[in-house]
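Right, one structure below, let's go through it.
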């Protein structure tokens with residue numbers, strides 16, 4: 001499948017927004033090496049260094065290796081280098097001087113690498129510039145939204161396929177493998193989902209059936225599941241899926257660099273009463289939160305209204321995890337990475353803005369029994385929200 005090329009106009013708009021953020025923080029230049037940030041501003045899929053001054057044109061540093069799959073013709077001045085020692089002289093030659101302050105992606109840059117890069121700029125103040133790239137990335141353009149909706153179409157096909165192949169006795173991991181295989185054939189990218197936090201390992205399928213859904217553990221999530229071993233004790237395990245039990249399918253999907261992250265409940269035949277009520281309650285909470293979405297609302301307001309709704313429905317004790325193991329978030333930004341800012345979390349005062357995209361994921365957990373939940377991706381509009389997800393917001397009874 002042919003890779004999507006980021007339009008030059010799109011890259012120019014992104015560059016100007018990041019430069020504006022640099023000026024607001026009074027940082028003279030930004031030194032980017034993280035793969036996703038590099039792609040966001042250059043449209044290329046390879047290792048490199050992107051040097052972006054607060055004013056003027058940037059420099060893109062690449063080594064002399066052959067172009068990798070997905071590369072595009074550059075629109076920025078490109079310098080081929082054989083070693084890092086060539087970076088600082090090239091910047092001095094191009095701009096006539098080195099910056100007074102230079103920002104780095106200190107949220108993800110390894111300390112050892114930072115010391116190496118800092119050594120390239122003696123006498124220059126080195127500061128955290130991560131906000132200057134992450135803040136502009138929160139607002140998605142129409143072009144980006146179109147890419148996310150393309151991913152959503154494939155996600156919807158995959159959930160529909162899941163309903164057709166789920167059967168009694170199928171292990172959670174086997175079900176996950178069937179879904180993953182279908183998704184890859186339909187066009188899912190070869191790489192794994194991308195997560196920025198170094199303590200987090202991204203994986204595609206969080207398939208939890210029955211009591212697996214009531215297992216808390218490794219993840220910063222209402223439930224972790226059994227997993228495959230003590231080395232990876234989360235997500236789908238080897239438990240056979242039984243009739244009438246709730247099965248949570250949480251799927252992360254990457255297509256043309258953009259992520260989708262969605263959850264739906266499945267069941268082989270009707271669920272027992274308590275589980276069905278919990279699944280219906282999670283959808284009611286989901287819909288209540290969405291009814292409050294509009295520019296200017298804080299993410300804390302969304303979190304608090306979800307907690308109030310869970311209490312009204314009689315699931316306050318189980319909402320967002322069992323007592324003593326509750327999380328304090330109900331959603332997260334999403335785009336080029338699986339989890340982006342802002343996080344819809346308790347006490348956070350970030351304001352919703354038009355163009356922000358979120359994965360909303362209220363969950364209800366009965367410890368050692370089951371989990372119920374739903375997750376959809378939406379974009380904030382001028383007066384509310386619009387679904388990017390194409391999967392029906394319903395319980396999949398097979």
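The values are calculated or read from the model by the stated rules, or taken from the named source; none is laboratory data. Since this is a predicted model, take the numbers as computed values, not measurements. Here the Cβ positions follow ideal geometry from the backbone for every residue, glycine too, while neighbour counts run over all protein chains shown.
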Kindly indicate which of 287, 261, 300 is outside any helix (DSSP H, G or I) and either in contact with a helix residue (DSSP H, G or I) (Cβ under 9 Å, 6 or more places away or on another chain) or at pLDDT 95 or above (or both). 261
Would a scan of region 223-231 turn up a residue that is surrounded by 19 or more Cβ atoms within 10 Å (Cβ to Cβ) and either more than 24 Å from residue 325 (Cα to Cα) or assigned by TED's automatic domain parsing to the domain that holds residue 36 (or both)? no
Within region 119-135, track down each residue that is surrounded by 16 or more Cβ atoms within 10 Å (Cβ to Cβ) and assigned to a loop (DSSP other than H, G, I, E, B). 120, 121, 124, 129
Take residue 13 and decide whether it is in contact (Cβ under 8 Å) with a residue 12 or more places away in the chain, closer than 16 Å to residue 55 by Cα and outside any helix (DSSP H, G or I). no
Just wondering, is there one or more residues in region 138-148 that are more than 20 Å from the chain's Cα centre (by Cα), touching a residue at least 60 places away in the same chain (Cβ under 8 Å) and part of a loop (DSSP other than H, G, I, E, B)? no
Condition broken by residue 213, with the remaining ones in (1) within 16 Å of residue 364 (Cα to Cα); (2) surrounded by fewer than 20 Cβ atoms within 10 Å (Cβ to Cβ); (3) in contact with a strand residue (DSSP E or B) (Cβ under 6 Å, 6 or more places away or on another chain) satisfied: (2)
Among the candidates 202, 237, single out the residue that is in contact with a helix residue (DSSP H, G or I) (Cβ under 7 Å, 6 or more places away or on another chain), in the same structural domain as residue 335 (by TED's automatic domain parsing) and in a loop (DSSP other than H, G, I, E, B). 237
Here, strands (runs of 3 or more DSSP E) confined to region 19-118 with at least 2 residues that are within 26 Å of the chain's Cα centre (by Cα) and either modelled with pLDDT under 95 or not assigned by TED's automatic domain parsing to the domain that holds residue 255 (or both) are 29-32, 49-53, 101-104
Would you confirm whether or not region 357-368 contains a residue that is surrounded by fewer than 18 Cβ atoms within 10 Å (Cβ to Cβ) and either touching a helix residue (DSSP H, G or I) at 6+ places or on another chain (Cβ under 9 Å) or closer than 15 Å to residue 135 by Cβ (or both)? yes
